[in-house]
Amino acid sequence: MEAVVVPLLSDNYGYLLVDKATREAAAIDPVEPKKVLAAAEENNADIKYVLTTHSHWDHAGGNAEFKRLRPSVTIFGGRGDGADAVDQEVWDDDSLDIGSIKVSVLATPCHTPGHVCYYATAGDDRAVFTGDTLFIGGCGNFNQGTPQMMYDALYTKLGRLPDDTRVYVGHEYTVKNLTFARVVEPDNRAVQEKLAWAEEQRQAGQYTVPSTIGEEKAFNPFMRCHETPVHAYCGTADAVTALATVRERKTAWGRVK
């Protein structure tokens, strides 16, 4: 399977998930439909589905126009999330096939009540599209959820995927996220190395996606809430409380940057 990165708006990422044999494809969060359709044409991809991670306008805001431009597509979105122009709501245990690719839905409510991630597999090839739940080196705000809900999303759902699963996130926030991760764990070599790499990538005008689940466990403080250095930073050994503390401090840190 192929995952084609489509940069959208100022810092969003949309994607094309393409079956290599049939060229059937799904578009993930195509907020600028014309750009995504142009990318599909360039890659000889036939978009059958739109997969919406959540209802925020910078992810779902292109759904209605996409449907107008391609009436045959089926638009999926999380149950009860209220995303625009959704034909079929999905939740845990739902799945669909794109050629030989199996896409399984992972319910990850917190950032929005019906946020979902899409886990794609084809043989030994694995990728997950995480919207605004998991970022490279970070995670989404707990806008409409609780620390326990985000813990369940990051640890029970995403954290249990194989470590080699590629992670395709909703925004290019990597440098800022890892700069904060260095505050949390100044001696973490994985953070230092990934931040240096990400800075080089961005200076060269390149993407920082994808990462992998295994990488996130090494440098993302939101996925390291069982680790002693994060406990020390937060002043607690309780993982859910640590997650809430890291999120609160990241938000406050972002305001003064």
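The values are calculated or read from the model by the stated rules, or taken from the named source; none is laboratory data. Remember, predicted model here, so these are calculated numbers, not experimental data. Reconstructed Cβ throughout: ideal geometry from the backbone, glycine too, with neighbour counts over all protein chains shown.
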Quiz item: Would you call A181 surrounded by 14 or more Cβ atoms within 10 Å (Cβ to Cβ), more than 23 Å from H111 (Cα to Cα), without any contact (Cβ under 8 Å) to a residue 60 or more places away in the chain and in contact with a helix residue (DSSP H, G or I) (Cβ under 8 Å, 6 or more places away or on another chain)?
Solution: no
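Taking R189 as the residue in question, decide whether it is more than 20 Å from D11 (Cα to Cα), more than 11 Å from the chain's Cα centre (by Cα) and without any contact (Cβ under 8 Å) to a residue 12 or more places away in the chain. Please lay out each step first, then the result.
Details: more than 20 Å from D11 (Cα to Cα): yes; more than 11 Å from the chain's Cα centre (by Cα): yes; without any contact (Cβ under 8 Å) to a residue 12 or more places away in the chain: yes.
Taking the combined requirement at face value, the residue satisfies it.
Tally the residues that are under 15 Å from the mean Cα position of the chain (by Cα) and of a type in the set (G, A, S), restricting the search to segment 90-112.
So the first thing to find is which residues in segment 90-112 are under 15 Å from the mean Cα position of the chain (by Cα), and the list is 103-112.
Then drop every residue that is not of a type in the set (G, A, S), which leaves 104, 107.
Selection size over segment 90-112: 2.
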Practice problem: Looking only at segment 128-136, decide whether some residue is surrounded by fewer than 23 Cβ atoms within 10 Å (Cβ to Cβ), in contact (Cβ under 8 Å) with a residue 40 or more places away in the chain, within 15 Å of the chain's Cα centre (by Cα) and in a strand (DSSP E or B). | Solution: no
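List the strands (runs of 3 or more DSSP E) inside segment 1-101, counting only whole elements, that have at least 1 residues being under 26 Å from G140 (Cβ atoms) and of a type outside the set (A, V, I, L, M). It would help to see each step written out before you state the result.
Values: elements: 2-8, 12-18, 24-28, 46-51, 74-78, 88-90, 95-98.
Hits in segment 1-101: 2-8, 12-18, 46-51, 74-78, 88-90, 95-98.
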Self-check item: Positions within segment 211-257 being within 20 Å of F142 (Cβ to Cβ), touching a helix residue (DSSP H, G or I) at 6+ places or on another chain (Cβ under 9 Å) and among the hydroxyl-bearing types (S, T, Y), in sequence order
Solution: Y233, T236, T241, T245
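Would you say D87 is at pLDDT below 95 and over 17 Å from the mean Cα position of the chain (by Cα)? Before the answer, list the steps.
Numbers: at pLDDT below 95: no; over 17 Å from the mean Cα position of the chain (by Cα): yes.
It is false that D87 is at pLDDT below 95 and over 17 Å from the mean Cα position of the chain (by Cα).
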Self-check item: Output for segment 46-62, where each listed residue is surrounded by fewer than 19 Cβ atoms within 10 Å (Cβ to Cβ) and touching a helix residue (DSSP H, G or I) at 6+ places or on another chain (Cβ under 9 Å)
Solution: D46
Quiz item: Just wondering, is there one or more residues in segment 109-116 that are of a type in the set (S, T, N, Q) and farther than 14 Å from T52 by Cα?
Solution: no
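Yes/no per residue for (1) more than 22 Å from V103 (Cβ to Cβ); (2) in a loop (DSSP other than H, G, I, E, B); (3) out of contact with any strand residue (DSSP E or B) (no Cβ under 9 Å at 6 or more places or on another chain); (4) at pLDDT 95 or above:
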| site | (1), (2), (3), (4) |
| --- | --- |
| M149 | yes, no, yes, yes |
| T156 | no, no, yes, yes |
| G159 | no, no, yes, yes |
| P162 | no, yes, no, yes |
| K176 | yes, no, no, yes |
| T179 | yes, no, yes, yes |
| R182 | yes, no, yes, yes |
| D187 | yes, yes, yes, yes |
| E193 | yes, no, yes, yes |
Quiz item: Which residues, taken from segment 195-219, are under 18 Å from the mean Cα position of the chain (by Cα), closer than 27 Å to T245 by Cβ and not aliphatic (A, V, I, L, M)?
Solution: T208, S211, T212, G214, E215, E216, K217, F219
Exercise. Could you check how many residues of segment 164-174 are outside any loop (DSSP other than H, G, I, E, B), surrounded by fewer than 22 Cβ atoms within 10 Å (Cβ to Cβ) and among the hydroxyl-bearing types (S, T, Y)?
Key: 0
